Structures are given as structure tokens and as C-alpha cells.
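Read the structure below first, then the notes.
We did not get these values from a lab; they are worked out from the coordinates using the rules stated. Computed from a predicted structure; not experimentally measured. Reconstructed Cβ throughout: ideal geometry from the backbone, glycine too, with neighbour counts over all protein chains shown.
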Amino acid sequence: MRIIMLTWEYPPRIVGGIARHVEELSWELARLPDVEVHVVTCDFPGAPAEEVCQKVHVHRVAAYDAPGGHKDFIHWVHQLNAAMRDRAYALCREWLAPMAPSEAPKDPKKLPIKQGIVLHPHDWLAYFSAVELKHAFKIPMVATVHATEFGRNNGIHNDMSRYIDHIERQLITEAWRVIVCSGFMKGEVEYALQCPSDKIDIIYNGIRWEKFDFDFPPEEAAAFRAQYAAPDEKIILFVGRGVREKGCQVLIDALPRVRASYPKVKLVVAGGGYRQHLVEQAEALGVAPYVYFTGFVPDDTLLRLYKVADVACFPSLYEPFGIVALEAMAAKVPVVVSDAGGLKEIVEHDVTGTVTWLNNPDSLAWGLLRVLNDQEHARQMAERAYERVKTFFNWHRIAKQTYDVYSRVWKEYKKSNW
């Protein structure tokens, strides 16, 4: 089966969580028998336009120019999709080309499953290219909805949000099946986008837990840790952007409460993007000396940060899944999370981590102090969390579930009148 994944971000271009999700899912899908994966995505400085990596064919394109430049982000997305459409169109034409010049192009519906073509756009940002390809070649489309405009903004409040919400509804309407990453997201897509329940498949995200299995001698770890905290300080690690929905402001609010009972702590905030409001908040609360903002860090640094952290905290206000929680669990770091969205499906309270109340600094401080004051119990939870990641949130299992959706769609498509 040939899978065409359409996504606006793919490493080394990383904006949010979609890039890593598509990369690691595509790698594992490409290892399955008789599966050929093509990723069509946005270009990135220094990245090749065409490459094969981990058996995945990656095609990078630049958004088409426009007279006077792109008017806004939406205009740029349309121009990117036009370029993605054209690259994927060339692939489909090649696959469906007639055997002889006098013959008609191949009918995709008559192809065996090994040569079948399925489109897989990720979020609304890849809708425009996907829907044009779907109707141009009459091939089925599976869509993954990673988040919704309604959920990100706690409602629809302006014209841009209304437009994006409309495109998201069109995406789930055009898709044969819709994949979401959690039971929470299933409910949100049903409610916010009016998607029929029986059209949705829940397939949890995964992680390559093996990437945390690297040589990191104690002396090297101690020297690395010293860049962020004193030897007698416990490190609370937050990984994420400074946007409201990730909840770093709640963690900073909780820090004075934590330090009142456990003074020797340092909060390390790892993530790029705007953060001045968080810096000012820490200064206003008098905890600025105990907060270290790293800014963007490369992967190798982030992996080491997880390894030296004493507790990882993710107090999101909105979280469709929470891949950072899986990363911490894979690194055997005790986790404290809010009960937002998919986080409570990843972390089982008092079994694989500590779950606290959403947007509640007092509850968050309680959870953090619980880990800091009972490190043996925290270690036991971290060990169980690690085993859970290996057995349940692994990409081989997730790729097989995703392929099962493709296979179902292909069989239904072949029997349909479309």
C-alpha cells in the first residue's frame, strides 16, 4: 500500500508536536510489509528537497510565491498546499500511468491492496492539498485531527478562528475515517466539529523509548546538571511553549508554595517561543532566581535534561494528548500532570504518576511536594510508567493500528460506488 502523508511540519522543521508524530509513525509504517510511505511537507533551510530516510520517501516543497508576498498566515498555508498538491499529484500520476500510450490511466479502485493509494493529511493545515488530490484521482483519505481551533482557544471568537473551524469541519467531512489521539479528543471532535462517533478511531500517540537509552556516565551527568541547578537543588522540569494552554504560568504560581515546604528546588523551563510574560510573573512572585528559562534546546540536550530532572511537570490547561509526559515516563522521571484532556489517559494517578486538578496552583504544589517528599514511591511510579510506555505507547503497536485503519478504508472504498 502507498501512503501519502501531507503535513506542514516534519523534521528538521518542528513547530509543534505534529512533526515528531508524523516522523516516528511514518518510520514504523515503512517497516511493515508491502507499505510504501511518502511524506509531502514544507521545505526547511539545509534540508534536502528529496530524500529517503528510514525507508520513508520525504518530499519537501516551498510555498509558492504570490504577487506582493503572502498576505497572512492563511494565505501562506494555501500557497504551501498548492505546492504540496502538485508534488503529490506527480506521484499519483506516476503510479497510475497507463502501461502503454494507447491505454487509459489505471483505475485506482482496481489496484490490489499492495498498490493501493491512501491520502493521510494531518490537521487542517494539509486539508486543501488533500481534498484536491482526493477528488482529482478518486482515492480515499484518512485524516488525523491533532487538536481543534475550538479547543485551543476555548471557543471560536474571531473571523480567523471561524475560518479554521470551518476547514476542520470540511476535513472530517471529506475523510473516510478520522483518527484522534485520545478519548478526550474523540469527544471534542464529536462536539466541536459534529463528527459522527462511528467515524472516529482512537489511536494513542507513541514514543521511541529507545532514544533515552544512551550512555550518560554519572560524572558527565553531574557536569551537565550543574549548568542548570546547584548539586543540592531538585530540578522540576517543564517542557513546552510559553502559550497559555501549556500551563507554565500555573507552575510558576505554584512554585512559592512548593518552596515554602521544600526550599531547595529549581524550575527549569525548556522551550522556545515568547516567554517574557512568564519572566515577569516569576519576578513579581519573587521566584525569578529559582527559574531557569533555557529557550529552545536541541534534542540531544533535551534528552539529557529529562535524565537529570527529579520531577517533570506538565500542568496543561488544554492537552489533546501530551507527548511530553510520555517522554518523561520513557526517561524514568516521576511525572506530575494536570487532569486536562488526554493527560489523565496517559498517567494513571498513584500508579504511573501524580494527577492534579486543572488550573489549580495549590493542587499542583501538593502533587510536586508529594514526589519530592516521598522519592521512593515516586521512583516506583516512574518504573511502572516506563514499562507502560514500552508495552502500550510504542510505535510498532500504533503503526499496526494505523495500518488496520488504512486497510479497512481500502476495502470499503473498493466495495463502494464512489
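With only Lys, Arg, Asp and Glu charged, each at its Cβ (+1 for the first two, -1 for the last two), find how big the charge dipole of the chain is about the Cα centre; round to the nearest 20 debye.
Numbers: 49 positive and 53 negative charges, 181 e Å.
Using only the charged Cβ atoms, the result is roughly 860 debye.
Got the relative contact order for the range 209-391 handy, in percent, Cα pairs under 8 Å and 6 or more residues apart? Could you put the intermediate results ahead of the total?
Numbers: 335 pairs, mean separation 41.3, N = 183.
Here the relative contact order equals 23 percent.
What aspartates and glutamates could a cross-link reach from residue 400, if we take a straight Cα to Cα line under 12 Å and drop same-chain neighbours fewer than 8 places away?
28
Of the residues 217, 231, 320, which exhibits the maximal mean-square fluctuation in a Gaussian network model of the chain defined by a 10 Å Cα contact cut-off?
217
Starting from the Cα-Cα distance between residue 379 and residue 285, subtract it from 0.36 nm times their residue separation and give me the gain in nm to one decimal. Write down the numbers at each step before the final one.
Details: separation 94, 0.36 × 94 = 33.84 nm, distance 3.07 nm.
Difference between extended and current length: 30.8 nm.
Taking the Cα centre of each part, how many Å lie between the range 206-231 and the range 269-303?
Centre-to-centre (Cα) distance: 19 Å.
Return the loop-located chymotrypsin sites (Phe, Trp or Tyr not before Pro) in the range 210-243 (DSSP other than H, G, I, E, B) with at most 11 other Cβ atoms within 10 Å of their own Cβ; answer none if there are none. Can you show the working numbers first?
Working: sites: 212, 214, 224, 228, 238; in loops: 214, 228.
Here the chymotrypsin sites (Phe, Trp or Tyr not before Pro) that fit, given the DSSP loop and packing criteria, are 214.
What base-10 log of the normalised intensity I(q)/I(0) is obtained for the chain from the Debye formula, alpha carbons as equal point scatterers, at q = 0.09, 0.10, 0.12 Å⁻¹?
-0.59, -0.72, -1.00
For residue 53, enumerate residues with amide H under 5 Å from its amide H, sequence gap 5+ or separate chain, H modeled in the peptide plane.
So residue 53 has HN proximity to 58.
Rank 296, 313, 417 by how far each Cα sits towards the positive end of the charge dipole of the range 282-418 (+1 on Lys, Arg Cβ; -1 on Asp, Glu Cβ) and give me just the farthest.
Of the options given, the answer is 417.
Do any of 234/344; 110/390; 138/344; 134/332 go past 32 Å between their Cα atoms, and which? Intermediate results must be reported in sequence, preceding the final value.
Working: 234/344 25 Å; 110/390 39 Å; 138/344 40 Å; 134/332 43 Å.
110/390; 138/344; 134/332, as the Cα separations exceed 32 Å there.
Find the eigenvalues of the gyration tensor of the Cα atoms of the range 209-391, then list the square roots of 5 times those eigenvalues as equivalent ellipsoid semi-axes, largest first, in whole angstrom. Mind showing how you got there, number by number?
On the way: eigenvalues 92, 76, 53 Å².
Working from the Cα gyration tensor, I get semi-axes of 21, 19, 16 Å.
Any idea what the alpha-carbon Rg over 2.2 N^0.38 Å comes to for the range 323-376? Please list the in-between numbers first.
Working: Rg = 10.5 Å, N = 54, 2.2 N^0.38 = 10.0 Å.
Computed over Cα atoms of the range 323-376, the ratio equals 1.04.
Among the complete DSSP H segments of the chain, which ones combine at least 27 Å of alpha-carbon extent along their axis with a mean Kyte-Doolittle hydropathy of -1.0 or more? Intermediate results must be reported in sequence, preceding the final value.
Details: long enough: 73-95 (33 Å, -0.27); 395-415 (30 Å, -1.47).
Answer set is 73-95.
Using the Cβ atoms and a cut-off under 13 Å, what net charge is assigned to the surroundings of residue 33, where Lys and Arg are +1 and Asp and Glu are -1? Please report the intermediate quantities before stating the final value.
Working: positive: 31, 55, 114, 400; negative: 28, 34, 36.
My count for the surroundings of residue 33 gives +1.
Which value, in debye to the nearest 20, describes the size of the charge dipole of the range 126-190 about its Cα centre when Lys and Arg Cβ atoms bear +1, Asp and Glu Cβ atoms bear -1, and nothing else is charged?
Numbers: 7 positive and 8 negative charges, 45 e Å.
Dipole of the range 126-190, to the nearest 20 debye: 220 debye.
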